[in-house]
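Nothing in this text is a laboratory measurement; each read-out follows from the coordinates by a stated rule. These numbers were taken from a predicted model, which means no experiment stands behind them. FYI the Cβ positions are ideal-geometry reconstructions off the backbone, even for glycines, and counts take in every protein chain you see.
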Amino acid sequence: DDDRSLLLSSLRGGCDALLDRGGPDQLLHGEPHPGNVLHTANGPVLIDLETCCHGPVEFDLAHAPESVALHYPELDPLAVQEARRVVLAMVASWRWDVLDRFPGGRRHGPRIVDLLRDGPPWPALGALTP
């Protein structure tokens with residue numbers, strides 16, 4: 001169907017664009033959205049580390065609010081947009097998983113697909129509200 005085709009093309013196209021940019025890979029958290037940050041007396045601490053991976057920093061920043069990316073002036077803005085496209089497609093796909101336990105997850109999937117269809121620019125995952 002159209003939604004599935006959009007998700008597949010977003011994942012493939014976005015991943016290809018990120019790989020083609022030739023930027024350095026580094027260790028990434030994989031999902032550093034605000035829900036995976038604990039605020040402690042010693043500063044913020046990332047939790048939920050099972051999604052750690054290697055890739056361009058833009059992938060991690062695609063999860064974070066727009067204001068976080070402003071602290072990285074060396075970022076490739078086109079890579080950030082492609083990473084946001086990939087992240088949105090990943091999250092939308094998870095929302096259709098029959099085992100998805102995200103509260104209201106089924107409701108969010110179509111909304112994220114609409115965002116993919118409307119973009120670019122695509123919003124950072126951290127900008128989405130439940």
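Assorted remarks:
- The range 80-112, residues that are closer than 24 Å to residue 56 by Cα and either in contact with a Pro (Cβ under 6 Å, 6 or more places away or on another chain) or not small (Gly, Ala, Ser) (or both): 80, 81, 82, 84, 85, 86, 87, 88, 90, 91, 94, 112
- The range 67-114, residues that are small (Gly, Ala, Ser) and in contact with a helix residue (DSSP H, G or I) (Cβ under 6 Å, 6 or more places away or on another chain): 69, 79, 83, 89, 92, 93, 105, 109
- The set of residues in the range 1-48 being under 17 Å from residue 94 (Cα atoms), among the polar types (S, T, N, Q) and touching a helix residue (DSSP H, G or I) at 6+ places or on another chain (Cβ under 7 Å) consists of 10 alone.
- Residue count for the range 100-114, restricted to those that are buried (at least 19 other Cβ atoms within 10 Å of the Cβ) and in contact (Cβ under 8 Å) with a residue 24 or more places away in the chain: 2
- Residue in the range 33-43 that is over 14 Å from the mean Cα position of the chain (by Cα), surrounded by 14 or more Cβ atoms within 10 Å (Cβ to Cβ) and at negative phi present: yes
- Residue match in the range 111-128 (condition: in a helix (DSSP H, G or I) and over 18 Å from residue 10 (Cβ atoms)): yes
- A Cβ distance below 6 Å, combined with a sequence gap of six or more or placement on separate chains, defines the contacts here; from the range 88-99, residues that are in contact (Cβ under 8 Å) with a residue 60 or more places away in the chain reach residues that are surrounded by 19 or more Cβ atoms within 10 Å (Cβ to Cβ) and part of a loop (DSSP other than H, G, I, E, B) in the pairs 88/122.
- Out of 92, 64, one residue alone is of a type in the set (Gly, Ala, Ser), under 15 Å from the mean Cα position of the chain (by Cα) and more than 17 Å from residue 3 (Cα to Cα). It is 64.
- Set 69, 64: member being touching a residue at least 12 places away in the same chain (Cβ under 8 Å), closer than 13 Å to residue 122 by Cα and not charged (D, E, K, R): 64
- The range 26-39 residues that are touching a residue at least 60 places away in the same chain (Cβ under 8 Å), paired with ones that are of a type in the set (A, V, I, L, M) and part of a helix (DSSP H, G or I) (beta carbon under 8 Å, 6 or more apart): 33/125
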